[in-house]
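Asks: Encoded as structure tokens, here's the structure I'll be asking about.
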Amino acid sequence: DGRLTFYPGNQTVDLPFINFMKRYGTVFLNAYTNSPICCPSRAAMWSGLFTHLTESWNNFKGLDPDYVTWMDLMEKHGYHTQKYGKLDYTSGHHSVSNRVEAWTRDVDFLLRQEGRPMVNLTGDRKHVRVMEADWQNTDKAVNWIKEEATKLAQPFVLYLGLNLPHPYPSPSSGENFGSSTFLTSPYWLEKVTYEAIKIPKWSSLSEMHPVDYYSSYTKNCTGEFTKEDVRNIRAFYYAMCAETDAMLGEIISALRDTGLLKKTIVIFTADHGELAMEHRQFYKMSMYEGSSHVPLLVMGPGIKEQQQVPNVVSLVDIYPTMLDIARIPIPQNLSGYSLIPLLRGKAENKVSSKGPRPSWVLSEFHGCDVNSSTYMLRTGKWKYITYSDGRSVLPQLFDLSDDPDELTNVAIKFPVIVHSLDKILRSIVNYPKVSSSVQRYNKKQFMIWKQSLGQNYSDVIANLRWHQDWLKEPKKYENAIEKWL
């Protein structure tokens, strides 16, 4: 969650290396994902293109494997490139369940698709390496810096992708039941200031926006949660962020120990945030700040120190920024703009060949746990969220300066603002058209999958992540699918 990288969010947990990057670099106060879910978000970051242009609709459908990323271009221009950890931006990954849930989101049924969010404390005060796989990838990156990077005659670009602070799979609910366990050890939990944890306000289920209600239900969050439950989920999430920060620290320390820190640009960001029980939801797949607002910190030679940038930026800006750093000509077709002018503190006087950076950012979502395509335009103090064709579901408008927790939808109160923001949005993307093409894609993919199963269809579909609800009335849900088809 990007809000943890600056005041007041950063009061809840000790993140020494994020703070180190702030002291010696620049932090973006308003950085957003272009799609709040793993694969589509990474597809935007690696391609520099908005989601509707890459057609990265869900966690199964990302970029074509042969797509030319910024790293490919840097390699072509003489950089030594190295990747470790989670990449997750090409098509064809993630579970069957994840795909089928995304394809069937227009079906008229409500089924819980995730385990109930919960916490799990492991080990003792000496247990540091909770997310072992991430630590192993961090070790590989550290060893590479110490043993390989120091010997290179050419410049390098190193990418390290971590899983944390993503919730862990929840095997107690059945092996195929989502990732809803916030897991940490006492060592990390001690870095969290419990008194500073804000318990989010919830509106009643009956007052919720219909898309929020659907998300809350599919994410198994409509049951009873005590204040203690909510506080713990948030605390464990912050502790997982502290463990992530320590991995960032390993990289910074390795660069410092080898004398490379002074001549290396370091960028820290995320594919999406975590609602951690805001708006009666956990996970992502939402345009609320907890899910869509990502961290973005940059430090290194030529980067202004102790700078906070208020401009809205998004992950598509990474592609042109990387090329700008490497002095590689930037393709004109990109959705993003280089961050270098902002990073050097020259926001006003250096304009890219594309013209000035727009005053808005776009995020969109077409995957599971949300029952319609969603589009978010953030500009100035306003956040405008619209759904589907813009008519069948009411839009939302939030004034983030007055209402940072996004509790009051003021769309009806400010029709002129809604109209003007909708006009800007439609000039960027013909969203009713995109929504209907996603609907067609979902139906087509589902039918291909269903036919491929033949006789086994009923059994397979009943035992996906929604099995606990589905098995109560399997015929009812199969009929709902037939009706949709």
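Asks: Filter segment 39-56 down to the residues that are touching a Pro at 6+ places or on another chain (Cβ under 7 Å) and either under 21 Å from Asn163 (Cβ atoms) or open to solvent by 10 Å² or more (accessible area, probe 1.4 Å) (or both) and list them by number.
Replies: Ser56
Asks: When you check Lys284 against the structure, is it in contact (Cβ under 8 Å) with a residue 12 or more places away in the chain and over 17 Å from the mean Cα position of the chain (by Cα), yes or no?
Replies: When the stated conditions are applied, Lys284 does not pass them.
Asks: Give Trp135, Trp144, Trp202 a once-over and let me know the one that is of a type in the set (Phe, Trp, Tyr), within 30 Å of Asn371 (Cα to Cα) and out of contact with any Ser or Thr (no Cβ under 8 Å at 6 or more places or on another chain).
Replies: Selected residue: Trp202, the only one of Trp135, Trp144, Trp202 that is of a type in the set (Phe, Trp, Tyr), within 30 Å of Asn371 (Cα to Cα) and out of contact with any Ser or Thr (no Cβ under 8 Å at 6 or more places or on another chain).
Asks: State all residues of segment 30-58 that are within 19 Å of Ser436 (Cα to Cα) and of a type outside the set (D, E, K, R); if no residue qualifies, say none.
Replies: Passing the criteria: Ser35, Pro40, Phe50, Thr51, His52, Leu53, Thr54, Ser56, Trp57, Asn58.
Asks: Another question, if that's okay. Could you check Arg125 against (1) modelled with pLDDT of 95 or more; (2) surrounded by 14 or more Cβ atoms within 10 Å (Cβ to Cβ); (3) of a type in the set (D, E, K, R) and say which number it fails?
Replies: (2)
Asks: Related question: Looking at (1) within 30 Å of Ser203 (Cα to Cα); (2) at pLDDT below 95, find the lone condition where Asn463 falls short.
Replies: Status for Asn463: all satisfied but (1).
Asks: Anything in segment 199-250 that is assigned to a helix (DSSP H, G or I), open to solvent by less than 40 Å² (accessible area, probe 1.4 Å) and among the aliphatic types (A, V, I, L, M)? List them, or say none.
Replies: Those that are assigned to a helix (DSSP H, G or I), open to solvent by less than 40 Å² (accessible area, probe 1.4 Å) and among the aliphatic types (A, V, I, L, M): Val211, Val230, Ile233, Ala235, Ala239, Met240, Ala242, Ala246, Met247, Leu248.
Asks: If you don't mind, there's one more thing I want to ask. Give segment 57-82 a look and list any residue that's modelled with pLDDT of 95 or more and either in contact with a helix residue (DSSP H, G or I) (Cβ under 7 Å, 6 or more places away or on another chain) or acidic (Asp, Glu) (or both), or say none.
Replies: Thr69, Trp70, Asp72, Leu73, Met74, Glu75, Thr81, Gln82
Asks: Within segment 391-442, how many residues are of a type in the set (Asp, Glu) and in contact with a Lys or Arg (Cβ under 6 Å, 6 or more places away or on another chain)? Break it down into steps so the answer makes sense when it comes.
Replies: From segment 391-442, those of a type in the set (Asp, Glu) are 399, 402-403, 405-406, 422; that's our starting set.
This time we only want the ones that are in contact with a Lys or Arg (Cβ under 6 Å, 6 or more places away or on another chain), so: 399.
Qualifying residue count for the region: 1.
Asks: Could you tell me which numbered condition Glu278 fails, if it satisfies all but one of (1) open to solvent by 20 Å² or more (accessible area, probe 1.4 Å); (2) farther than 29 Å from Lys219 by Cα?
Replies: (2)
Asks: Let me ask something else. State whether the residues of segment 468-476 include one that is surrounded by 13 or more Cβ atoms within 10 Å (Cβ to Cβ) and within 30 Å of Pro395 (Cβ to Cβ).
Replies: yes
Asks: Of these, Tyr194, Tyr237, which one is modelled with pLDDT of 95 or more and either among the β-branched types (Val, Ile, Thr) or farther than 11 Å from Met277 by Cα (or both)?
Replies: Just a single option satisfies the conditions, and that option is Tyr194.
Asks: Enumerate the helices (runs of 4 or more DSSP H) found wholly within segment 414-485, keeping only those where 3 or more residues are among the aliphatic types (A, V, I, L, M) and over 27 Å from the mean Cα position of the chain (by Cα).
Replies: Counting at least 3 such residues, we get 431-453, 457-462.
Asks: Kindly evaluate Glu75 against the criterion of being of a type in the set (Asp, Glu), open to solvent by 30 Å² or more (accessible area, probe 1.4 Å) and at positive phi.
Replies: Answer is no for this residue.
The values are calculated or read from the model by the stated rules, or taken from the named source; none is laboratory data. It should be emphasised that the depicted structure is a prediction, and the values quoted were computed from it without experimental measurement. Cβ coordinates were reconstructed from backbone atoms using ideal geometry, including for glycine residues, and neighbour counts include every protein chain displayed. When the accessible area is computed, the model is the full protein with side chains, heavy atoms only, and any ligands, DNA or RNA have been set aside. Shrake-Rupley method; radii C 1.70, N 1.55, O 1.52, S 1.80 Å.
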